1. Kindly put Leu38, Leu69 in sequence by how many other C-beta atoms sit within 10 Å of each C-beta, fewest to most.
2. Less than 14 Å Cβ to Cβ from Val96, Lys/Arg counted +1 and Asp/Glu -1: what total charge do the surrounding residues give?
3. Output the antiparallel fraction of DSSP beta bridges having both residues in the chain, as a percent to the nearest 5.
4. Test of understanding: in a Gaussian network model of the chain with alpha carbons linked when under 10 Å, which of Leu24, Leu165, Leu59 would top the mean-square fluctuation ranking?
5. As a footprinting exposure proxy, order Val96, Val105 by other Cβ within 10 Å, with the fewest listed first.
6. In degrees between 0 and 90, to the nearest 10, how far off the longest principal axis of the chain does helix 102-111 point, with axes built from Cα atoms?
7. At a threshold of 8 angstrom on Cα-Cα distance, excluding pairs fewer than six apart, so keeping six or more, what relative contact order does the chain reach in percent?
8. Over 5 Å intervals from 0, what percent of Cα-Cα pairs in the chain sits in each interval?
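Where a number appears in this text, it was derived from the coordinates with a stated rule and is not lab data. Keep in mind it's a predicted model, so treat the numbers as computed, not measured. With ideal geometry, Cβ positions are generated from the backbone for all residues, glycine too; neighbour counts draw on all protein chains shown.
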Amino acid sequence: MLGTISANGATWPRLRETVATMGLCVGPDDMNLGLRGLRTMGVRLAQHYAAGIKVARWLAGRPEVARVLHPALESDPGHAIWRRDYSGACGLFSIVLEPVPQAAVNAFLNRLTLFGIGASWGGFESLVIPFDCTALRSATRWAPGGPTVRFHIGLEDVDDLIDDLERGFAALAAAC
């Protein structure tokens, strides 16, 4: 992982000790891969955004979907803040399904062939993962009303991804 570390005065001694113990130098191969990725990052992020917003809008029209949680959508409660503070978005977002049994959610996920199951959001491939963050939230209560599914829309053809989701929703309906 490449990046920067920032700390205030109170945190700095512990951070310095960790750096001294574990090291802070990137290897030449890792640096080469990082630089190679930076050269195409703008094009990849533009594609992630374009594909992500298209899939999010398509999902917003599905009867199985109660809510799409994507700040770039006008229907999102945080849209005004997103519009004020950001100039783009990515293909990472969540949906809340209408209440269905867990077996139906599993059927939906198992039917997807272009979406891998996983949470490694930094790659080029499309991923999906069900999640329940109720135990993780402490500042506000999370009561989605139905199963929540997180998506990372990758660089595959958007129409192929939508076709894959269509098959997933057919499996969800069959399992209900």
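1. Details: Leu38 10, Leu69 18.
So the ranking, lowest neighbour count to highest, is Leu38, Leu69.
2. -1
3. Values: 14 of 16 bridges.
DSSP beta bridges in the chain are roughly 90 percent antiparallel.
4. Looking only at Leu24, Leu165, Leu59, the biggest GNM fluctuation is shown by Leu24.
5. Details: Val96 16, Val105 19.
Neighbour counts put them in this order, fewest first: Val96, Val105.
6. Compared with the principal axis, the helix lies near 80 degrees.
7. On the way: 221 pairs, mean separation 40.5, N = 176.
Dividing the mean separation by the residue count of the chain yields 23 percent.
8. Percent of Cα pairs in each bin: 1, 7, 13, 16, 16, 14, 12, 9, 6, 4, 1, 0.
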